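The values are calculated or read from the model by the stated rules, or taken from the named source; none is laboratory data. Here the structure is a predicted model, which means the values were calculated and not measured. Here the Cβ positions follow ideal geometry from the backbone for every residue, glycine too, while neighbour counts run over all protein chains shown.
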Amino acid sequence: MLPVRLLSLIISLALSFGSEIVAQSALKNTTGKQPAIGLITYRSVSRSAEDSTRSVFNFKAAPLYVRTTPFSIYTGAGNPRDRIAQSIEVGKSFNVIDLGIAFGRNSLRPDTSLFLEGRITMDVANYGVFANEMTIGAGRVFDKQGSLMLELTYSIVAQIAPRVGVGLTTGYYDFSNELTDSSRTFYGLFLRFGLLRTDTGSLIGGYSRGRGRPVRVGRPRPHRGHR
């Protein structure tokens, strides 16, 4: 009888000790301690405050940017002065999207045709300081016929400073009016002045230093001691 009573006493003590440990761990969790990385689910991470699906277009709070193209050249035969175009674009950034208005000229001659164009640029992919962008634009050339101007452009940009990026661009301009229709391919160099973007394309403030980009949201940062 004595061993049976001793065994039941040991079991009861073990159960009470285990329930006390569970209560202490629950109390720690309520104080704000985060669980281990392995216990963090994708659902909880995806519902963080930085979830891009919850962002809204706030035009007033969106930061300004400036994109200037001091040199772009059309392909094909012709005088270099007739093949060089320049433009400057001003707009606002909404995370991965830039919405702006561009003003420029299609040649370097005094009688060149000026143009005004609305542009939508989307940050497609990022790798370190490099990013790939796609631009769609539509506007008007101020020539005699008032030509319609359509644009499709692809760019590679490198963030060389906290608010400065330099890039290479290539794309197509389509010009059309009641009498003529033409399409021209161009290659160019541009500068972008604006806020940094993370690897997911989200805008960040000017507090980061250097060229490094923050870790993506949803990817836990490994401990330094692990390899």
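Gly91 meets the conditions (1) over 19 Å from Leu148 (Cα atoms); (2) surrounded by 11 or more Cβ atoms within 10 Å (Cβ to Cβ); (3) modelled with pLDDT under 90 in every case but one. The failed one is (3). When Thr75 is tested against (1) modelled with pLDDT under 80; (2) hydroxyl-bearing (Ser, Thr, Tyr); (3) closer than 30 Å to Asp143 by Cα, exactly one condition is not met: (1). Restricting to the stretch 105-125, and then to whatever is of a type outside the set (Lys, Arg) and crowded, with 20+ Cβ neighbours inside 10 Å, can you tell me which residue is nearest to Tyr74 (Cα to Cα)? Only one residue fits best here, namely Asn106.
Looking only at the stretch 140-157, residues that are among the small types (Gly, Ala, Ser) and over 23 Å from Leu179 (Cα atoms) come to 1 in all.
The residues of the stretch 80-136 that are closer than 22 Å to Ser176 by Cα and among the aromatic types (Phe, Trp, Tyr), listed by number, are Phe103, Phe115.
In the stretch 143-162, of all residues being surrounded by 14 or more Cβ atoms within 10 Å (Cβ to Cβ) and among the charged types (D, E, K, R), the one that is farthest from Asn132 (Cα to Cα) corresponds to Asp143.
Residue-wise test of (1) free of Cβ contacts under 8 Å to residues at least 24 places away in the same chain; (2) outside any strand (DSSP E or B).
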| position | (1), (2) |
| --- | --- |
| Lys60 | yes, yes |
| Thr69 | no, no |
| Ile88 | yes, no |
| Asp98 | no, no |
| Ser107 | no, yes |
| Asp123 | no, no |
| Asn126 | no, no |
